[in-house]
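**Student:** After the C-alpha cells below, expect a handful of questions from me.
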Amino acid sequence: MKKMYMIGNAHLDPVWLWPWQEGFQENKATCKSALERLGEYEDVIFTSSSAQFYEWIEKNDPEMFSEIEKRIREGRWVICGGWWVQPDCNIPCGESFARHALIAQNYFMEKFGVTAKTGYNVDSFGHQGMMPQILQLSGMENYVFMRPGPHEKGLPARNFIWESDDGSRVHAFRLPFSYCTFGRLEDHMRACREEFDAGVDELMCFYGVGNHGGGPTIENIETVKKLQREWDDVEIIFADPDFYFEKLKEREYDLPVVHGDLQHHSSGCYSAESQVKRYNRKAENALLRAEKFSVLSELVSGHGYTEGLTEGWKRVLFNQFHDILAGSSIQKAYEDTRNELGEALSIAARNENNSLQAVSFHIGIDQEENMLPAVVFNPHGWDVEEYVEVETGMFGNSCRGESYIVKDSSGNVVPSQKISSDAKVNGRNRIVFKAGVPSLGYAVFRIYAVNQEQEAEHTSQALVLENALVRVQFEEKTGAVISIWDKENKIEYCDGAFGRVVVVKDNSDTWSHGVTRFHETEGYFEPKSVKKTEDGPVRSSIRVISKYKSSTLVQIYTLYKEDKSVRVSAKINWQEKFRCVKIQFPVALDQYRGIYEIPFGCIEKACNGEEEPVQRWMDLSGMQEANNKIICGIGILNDCKYSACMEGNCMELTVLRSPVYAHHNPYILDEEEDDYQFTDQGIQNFSYTIVPHLGSGREAHLVQRAEELNQPCVTVIETYHKGEYPQKAELLTVSRNNVVLSALKKAEKQDGYILRLYETEGKECQADICIHFLEKNIRAEFKPFEIKTFFVSRSVDSEPAEVNFMEWEK
C-alpha cells in the first residue's frame, strides 16, 4: 500500500513583507500554537528549523523554551535544517554555510541533545551544486526543497540522490506543490496523492499555515484524521522528514542520481537590492580576515582577539535569510539589515585592529629621519605581491616630501608612485607601492620622503594602458576597451567593445518570476570623458565618465607595470526604473566554455544567455583556431556582485536591477502611482578585475586572485620602537596552488585552531600544510573539489585531526 507521510510545519519568514520585530512575535505565537496542538493530539508531530528562532524563544520566553525542549526530547517536536536560518542557497560564500552549521548544530546539541539530520530549505530560490558536500559536513544526510519547481527544472523523480563534484551524496526530496496550506487541506492531499514516483510508494505531504507562521490547525489535523478513515488505497501517517527518509532507506529503493545544481527560480534575486549583497560580501570577508589575524596575533604575540566574533557571524547569517539576501523584502527591512551587517563589520574591524597592532608594536623599528614605517599583513595562505596604498603627512607624522622611496625589510627599493590623496588638503600625500608579503604573515616596509620631484614617465597621452606584458586600448566613441593585446604570447583577447555598459529593459517583478534572461537592450552608457589620469612607475589609469539619461557611471581602469590584469573601480549613480544594468565582455574565442564560481567550487554552464548565480569570479575560456589553436581565456573577478550570464562568446556581469520593492506577481502596479519605492537607486560602488590568461579558467588561479580582491592586505602605520619580533614572518604554507585556505580560526571548544582548505581545480592531489609557529604539519589527500577541516591542538604531543563543520571529529 502507498504511504503518505503528513509533515506538520509552519514555514516562517522572519523578514519579508514585515520587519524582523514582527517575525519575532509571530515566532512565539507559532510555537505556542504548535505546543497546544501537540498537547491536544497524541499522534501529531511538529517539524521546525532555524536555530535563530529557538534562541529568540530562549531569551524572551524561558518557560515556553522549556516546553519545546520537553517535546523535542520526546521526539514529537523534530528539528530539521541544522542552520541558523533557511538562507539563500546561492549567494552566501562557502564559509557562511560552514558557520550556519557550526553555530546552529552546536546550539541544538547543547540545548536539546540532538542535531538536525535533514537539510531543510523549502522556500529558497535555487540550490548551488556543492550543497551535498556542505550538507554532509554539516551532519545532514537528507535534503528537502521545493524550488525550482517541475516547470523550471525537470528532475527524474521527486526522490533522488543528489551528488556534488567531490562525490558526496545526500537523499533529496522535492516537495509537491507547497510547504504550507492556506485553503482546504483535503484538496492539497488529493493533489499530492497523484504525485507518487514510479517505483516509490512513499511520499511526504507538508501541511500547516505558513510564510507568516501559524503551523498545523485543528481543522488541518481533523481533516487528516478524516481521510485516514476514508482512504483505503493510501495509508496516511503523521510523521517528520527524518522518519520518512529512514523508511525509504530501509526499503532500499533504486533512486536516480542527479549531479550539479538545482536552478532556476527567481533569477532576478541574484541581482536585486545589490547593496545588501555588497554588505554581505564585505561582512563575510571582514570576519574571516579578523579570525585569521587573531590566530596570527595569538601565535606571535600571545594575544588573540575574538571578542564578539560569534555574534558578528550571527548577524551575517540571519541576514542571509532567503527573502533578505535575495532582495525580495520591503524597503524598511533593509534599514535593519544595514545596521546589523554594519555591526558585524565593526566587530570584525575592532578585532582585526587589536590583533595586528599587538604584533606590529613589538617589531623592532629604528628611528630614521623622514622615514615612515608600514607593516603590511597578508591574510592568505600563499605569498602575495600586492600594490598597497598609504596616506601620509600632515599632523600624524613628519614623513612629507615631494616624492618617496620605499624599501622592503631587506633594504631593497621597491616600485612606488605618488598618487592623488583621499584628503584634499596641502601636506597630505598618498603613495602606492609593490609589497611582497609572505603567506599568512607580515613584512615591514620603510617609506622615505625625498625633497625632489618624482621623475614623470613621458608616455603617450593616447587612450592606451601599456606595460611590458600587455597593451590595453580604449575607444573614445564608446569608452570601452577595444583591444587587450598579450605581447608575449601574441594573443588578442577582445572581440568588440569590451567592458561596455548596457541598459536592459526589465519590467519583471522583484523576483523576476518566469524570467531566465535579461536581454532586451534599450541603450548604452555613453562616454562624456575618457582621460588618462595616472602614468607612473607603478601604474597607469584611464578614467571613463559616462551617462545614461539621468544616471552617471565613473570607471577607473588601472594597469600595474608587472601585471596583465586590468583593475576597474566603479561608481554608479543610478536614477532609472524598471531597468537592468550589465557590463559586456566579448572574448575572442572560436570554441569556448563558461565557468562560474559557486561556494567551495565552480560549475560549467551553457553559454545560452540564461542568468546564473555567481560568486567572486566567472571565466570564458577556449580555443582561437586561427592562432595555432591556442587555449586561452578571460576571467572576470568582482567584489560584490552575484549575477551574470554568458551568451555565445560574451560574458555579462549584472550590476543592478531596479524593480519596485517586494513587488510579487500577479499584483498589477498602478501606472498612475508615483509613490512606489524602487531598488538600487542612488550611488553605489563596486570593483572588478579583468584577468587574461593562457589555458583553462580552472587553471588560472582565479580563486586566489578573487580572494586577494575581496580580502586585501592590511597596512598598519607604525612608529619607532624597540621590539623582539622579526621584520618579516609567515604563519602557514600550503604546498599546492590548487588547495586554498578558506578559514583559520580559534576552535570553539578546545585549546587549538580550526584550519579549513579546499581543492579548486578538480584535481586529485596531496598537499602539505605547515603551521610554523606551532611546528605542526599536515599531509592531506584531496579529492577533486573536496573540503577538509582540521583541528590543530596547541599541545605539542597532539596530532592534527580531521573534523566536520561543527568541529567534531569525523
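The values are calculated or read from the model by the stated rules, or taken from the named source; none is laboratory data. Note that the structure is a prediction, hence the values are computed from the model and not measured. Note that we place each Cβ from the backbone using ideal geometry, even for glycine, and neighbour counts take in every protein chain shown.
**Student:** Has the stretch 70-83 got at least one residue that is surrounded by fewer than 18 Cβ atoms within 10 Å (Cβ to Cβ), free of Cβ contacts under 8 Å to residues at least 40 places away in the same chain and either under 22 Å from N121 (Cβ atoms) or among the hydroxyl-bearing types (S, T, Y) (or both)?
**Tutor:** No, the conditions are met nowhere in the stretch 70-83.
**Student:** Another question, then. So, in the stretch 729-746, how many residues would count as being farther than 21 Å from C765 by Cα and either touching a Pro at 6+ places or on another chain (Cβ under 8 Å) or surrounded by fewer than 16 Cβ atoms within 10 Å (Cβ to Cβ) (or both)?
**Tutor:** 2
**Student:** When residues of the stretch 187-216 are filtered for being in contact (Cβ under 8 Å) with a residue 40 or more places away in the chain, over 18 Å from R251 (Cβ atoms) and either exposed (fewer than 15 other Cβ atoms within 10 Å of the Cβ) or polar (S, T, N, Q) (or both), how many remain?
**Tutor:** 1
**Student:** From the set of residues in the stretch 150-173 that are within 19 Å of H513 (Cα to Cα) and without any contact (Cβ under 8 Å) to a residue 60 or more places away in the chain, which is surrounded by the most Cβ atoms within 10 Å (Cβ to Cβ)?
**Tutor:** P150
**Student:** Looking at (1) crowded, with 24+ Cβ neighbours inside 10 Å; (2) at positive phi; (3) not hydrophobic (A, V, I, L, M, F, W, C), which is the only condition T118 fails?
**Tutor:** Just one mismatch for T118, condition (2).
**Student:** Turning to a different aspect of this structure: Please verify whether the stretch 164-182 includes one or more residues that are under 24 Å from E40 (Cα atoms) and touching a helix residue (DSSP H, G or I) at 6+ places or on another chain (Cβ under 8 Å).
**Tutor:** yes
**Student:** Look at the stretch 104-114 and say how many of its residues are of a type outside the set (D, E, K, R), under 20 Å from W313 (Cα atoms) and surrounded by fewer than 24 Cβ atoms within 10 Å (Cβ to Cβ).
**Tutor:** Residues that pass the stated criteria total 4.
**Student:** Would you be able to tell me the number of residues in the stretch 583-613 that are within 20 Å of the chain's Cα centre (by Cα) and among the basic types (K, R)?
**Tutor:** 1
**Student:** Hey, does the stretch 230-240 have a residue that's within 36 Å of the chain's Cα centre (by Cα) and modelled with pLDDT of 95 or more?
**Tutor:** Yes, that holds for at least one residue.
**Student:** For the stretch 670-683, indicate whether the set of residues that are crowded, with 18+ Cβ neighbours inside 10 Å and part of a loop (DSSP other than H, G, I, E, B) is non-empty.
**Tutor:** There is at least one residue in the stretch 670-683 that is crowded, with 18+ Cβ neighbours inside 10 Å and part of a loop (DSSP other than H, G, I, E, B).
**Student:** Could I ask something else about it? Under the condition of being outside any loop (DSSP other than H, G, I, E, B) and of a type in the set (F, W, Y), which residue from the stretch 479-501 is surrounded by the fewest Cβ atoms within 10 Å (Cβ to Cβ)?
**Tutor:** Looking at residues that are outside any loop (DSSP other than H, G, I, E, B) and of a type in the set (F, W, Y), I get W485.
**Student:** Can you tell me which of H127, H171 is more than 22 Å from A239 (Cα to Cα), at pLDDT 95 or above and not hydrophobic (A, V, I, L, M, F, W, C)?
**Tutor:** From the options H127, H171, the qualifying one is H127.
**Student:** Would you pick out the residues in the stretch 238-284 that are in a loop (DSSP other than H, G, I, E, B) and over 30 Å from M1 (Cβ atoms)?
**Tutor:** Within the stretch 238-284, G260, D261, Q263, H264, H265, S266, S271, A272, E273 meet the criteria.
**Student:** Hey, another quick one. Quick test for you: out of V390, V425, pick the one residue that is β-branched (V, I, T), out of contact with any helix residue (DSSP H, G or I) (no Cβ under 6 Å at 6 or more places or on another chain) and surrounded by fewer than 16 Cβ atoms within 10 Å (Cβ to Cβ).
**Tutor:** Selected residue: V425, the only one of V390, V425 that is β-branched (V, I, T), out of contact with any helix residue (DSSP H, G or I) (no Cβ under 6 Å at 6 or more places or on another chain) and surrounded by fewer than 16 Cβ atoms within 10 Å (Cβ to Cβ).
**Student:** What residue, among those in the stretch 384-435 that are in contact with a strand residue (DSSP E or B) (Cβ under 6 Å, 6 or more places away or on another chain) and of a type in the set (G, A, S), is modelled with the lowest pLDDT?
**Tutor:** G401
**Student:** Still on this structure, I have one more. Answer yes or no as to whether V538 is touching a residue at least 12 places away in the same chain (Cβ under 8 Å) and either surrounded by fewer than 18 Cβ atoms within 10 Å (Cβ to Cβ) or among the β-branched types (V, I, T) (or both).
**Tutor:** yes
**Student:** Another one. Testing R543 on (1) more than 29 Å from Y592 (Cα to Cα); (2) in a loop (DSSP other than H, G, I, E, B), one condition comes back false. Which one is that?
**Tutor:** So R543 meets the others, but not (2).
**Student:** Let me ask another. Taking the residues in the stretch 332-365 that are touching a strand residue (DSSP E or B) at 6+ places or on another chain (Cβ under 9 Å) and in a loop (DSSP other than H, G, I, E, B) as candidates, determine which candidate is surrounded by the most Cβ atoms within 10 Å (Cβ to Cβ).
**Tutor:** F361
**Student:** Name the pairs whose Cβ atoms lie under 7 Å apart, with the first residue in the stretch 764-781 and assigned by TED's automatic domain parsing to the domain that holds E802 and at pLDDT 95 or above, the second small (G, A, S) and surrounded by fewer than 17 Cβ atoms within 10 Å (Cβ to Cβ), and 6 or more positions between them or separate chains?
**Tutor:** Here the result reads A767/S735; D768/S735, each pair linking the stretch 764-781 to a residue that is small (G, A, S) and surrounded by fewer than 17 Cβ atoms within 10 Å (Cβ to Cβ).
**Student:** Further, regarding this structure: Has the stretch 685-694 got at least one residue that is modelled with pLDDT of 95 or more, within 23 Å of V276 (Cα to Cα) and not polar (S, T, N, Q)?
**Tutor:** yes
**Student:** Another question, then. Out of V587, V504, V554, which single residue is β-branched (V, I, T), closer than 25 Å to E389 by Cβ and either out of contact with any Pro (no Cβ under 6 Å at 6 or more places or on another chain) or surrounded by 21 or more Cβ atoms within 10 Å (Cβ to Cβ) (or both)?
**Tutor:** V554
Yes/no per residue for (1) more than 30 Å from V359 (Cβ to Cβ); (2) of a type in the set (S, T, N, Q); (3) more than 19 Å from the chain's Cα centre (by Cα):
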site	(1), (2), (3)
L637	no, no, no
C640	no, no, no
E647	yes, no, yes
L656	yes, no, no
V660	yes, no, yes
T679	yes, yes, yes
A706	no, no, no
P712	no, no, no
A729	no, no, yes
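**Student:** If I filter the stretch 559-572 for residues that are surrounded by 17 or more Cβ atoms within 10 Å (Cβ to Cβ), free of Cβ contacts under 8 Å to residues at least 60 places away in the same chain and over 23 Å from S271 (Cα atoms), do I get at least one hit?
**Tutor:** no
**Student:** Name the strands (runs of 3 or more DSSP E) wholly within the stretch 724-791 that hold at least 3 residues that are out of contact with any Lys or Arg (no Cβ under 8 Å at 6 or more places or on another chain)?
**Tutor:** Because the criterion is at least 3 residues that are out of contact with any Lys or Arg (no Cβ under 8 Å at 6 or more places or on another chain), the strands (runs of 3 or more DSSP E) in the stretch 724-791 that meet it are 728-730, 732-734, 739-746, 776-782.
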